[in-house]
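Each value in this text was obtained by applying a stated rule to the coordinates, not by laboratory testing. Computed from a prediction, not measured in an experiment: that's the story for all the values here. So basically every Cβ, Gly included, is an ideal-geometry build from the backbone, and we count neighbours across all protein chains shown.
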Amino acid sequence: MNTSEGMIAYETVTPENVTTWYRVARVEDFPVNGGACVSYKGLQIAVFNFGAGKEWYASQNLCPHKQQMILARGITGSHQGEPKVACPYHKKTFSLVTGENLNGNECNLATYPVKVENGYVYIGFDN
């Protein structure tokens, strides 16, 4: 994780780069078709439960557009079959698969791998 001017910089982690699987909570602790925020080493991570636990996604909780910790409470849905979240304040929409800003090419999100084992949700980190 990098810091710049006191802000934590979020960086996408790919499944190939995971060195730590962090157990965040039980599956039932997350709302179906919604998100919740968890903390890991000073990072706020939004975790999303799609399809009653069949699909899981994680991204930074920080909306990169206005720098507010709000994405876990974002509006979830899909865009051309791809899971997305929209910031509840600014309506910027992001892919939960790639982190891409679906409204333009600025302000992408960092995303993280998620797995479920034995009823617990884990997020993959590279540190």
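Here are a few things to note about the model shown:
- Karplus-based coupling profile of the range 99-112, in residue order and whole Hz: x, 5, 6, 7, 9, x, 10, 9, 6, 6, 9, 7, 10, 9, with θ = phi - 60° in 6.51 cos²θ - 1.76 cosθ + 1.60 and x standing for Gly or Pro.
- C-alpha center-to-center spacing [the range 11-56, the range 78-92] in angstrom: 17 Å
- Each peptide among 112-124, 38-50 gets the average number of other Cβ atoms lying within 10 Å of its residues, and from highest to lowest they stand as 38-50, 112-124.
- Count Lys and Arg as plus one, Asp and Glu as minus one, and take only other residues whose Cβ is under 14 Å from that of Pro113; the net charge is then -3.
- Cut-off under 5 Å, modelled amide H: who pairs with Leu43 long-range: none
- In sequence order, calculated HN-Hα J values of the range 89-95 (Karplus, 6.51, -1.76, 1.60; Hz; x Gly/Pro): 8, 10, 6, 5, 10, 10, 5
- If you sort the three axes of the alpha carbon gyration tensor as a ≥ b ≥ c, you get a/c of 1.5 or more for the range 87-127 and a/b above b/c, which makes it prolate.
- Pairs of Lys residues in the range 2-125, spaced 8 or more positions apart or belonging to different chains, with C-alpha separations under 22 angstrom: 8 in total.
- Placing +1 on each Lys and Arg Cβ and -1 on each Asp and Glu Cβ, with no other charges, gives the chain a dipole about its Cα centre of roughly 340 debye.
- The chain: C-alpha gyration tensor shape, a/c 1.5 cut-off, then a/b vs b/c: oblate
- Derived scalar couplings between HN and Hα for the range 34-47 equal x, x, 8, 9, 10, 10, 9, 6, x, 9, 9, 10, 8, 10 Hz in order, rounded to whole Hz, by the Karplus curve 6.51 cos²θ - 1.76 cosθ + 1.60 (θ = phi - 60°), x for Gly and Pro.
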